[in-house]
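Take a look at the structure set out below.
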Amino acid sequence: QVQLVESGGGLVQAGASLRLSCAASGDTLGSWTVCWFRQAPGKEREFVEGNSWSGSPTYYPDSVKGRFTISRDNAKNTVFLQMSSLMPEDTAVYYCAVRRSPLVTTTARGYDYWGHGTEVTVSS
C-alpha cells in the first residue's frame, strides 16, 4: 500500500507560481505511474498531468501545457507539480495519485492510491 501526502497549496494572485509536492511512503515511487488531478467546486475531478515510471513522454492536456510541469525526486520519494502563470480557473483542490501500469490514463478510477489533496486558490 502507498500513502500519499500533498502539500504546497495556498492563495496566490493570477500570474504567480506554486510548486506542489506529493510525498510517498510504503513503496518507492520509481515503480509507479504518478499523476496529478484537480477538482474545482461543483466540477468533476480533472486530469492535470501524468508521468510514467517507464520513461515514456509525460502527458500534458492543453489546459496546462506550457505552464505546469511534473517531476520526480526519487531520492526523496516525492513528485512535484510546478505551476506557473496561474489563472483563476486553476483554482481547485489538487490530488496526486498512482497506478502500477506504465500507461498514463486520464480516468480517475484508473488509479490505485490517492492523497487527500492540497487546495490552490488563484485570485484575479
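Ignoring ligands, DNA and RNA, what percent of the accessible area of the chain is carbon or sulfur (1.4 Å)?
On the way: 3070 of 6300 Å².
Of all accessible area on the chain, carbon and sulfur atoms account for 49 percent.
Expressed in nm to one decimal, what extension gain is obtained for the pair Ser17 and Glu119 from 0.36 nm per residue of sequence separation less their Cα-Cα distance?
Numbers: separation 102, 0.36 × 102 = 36.72 nm, distance 1.41 nm.
Taking Ser17 through Glu119 to full extension adds about 35.3 nm, to one decimal.
What separates the Cα centres of segment 67-124 and segment 15-44 is a distance of 3 Å.
The values are calculated or read from the model by the stated rules, or taken from the named source; none is laboratory data. Just so it is clear, the model here is predicted, and its values are computed rather than measured. Note: areas computed on protein heavy atoms with side chains; ligands, DNA, RNA excluded. Shrake-Rupley method; radii C 1.70, N 1.55, O 1.52, S 1.80 Å.
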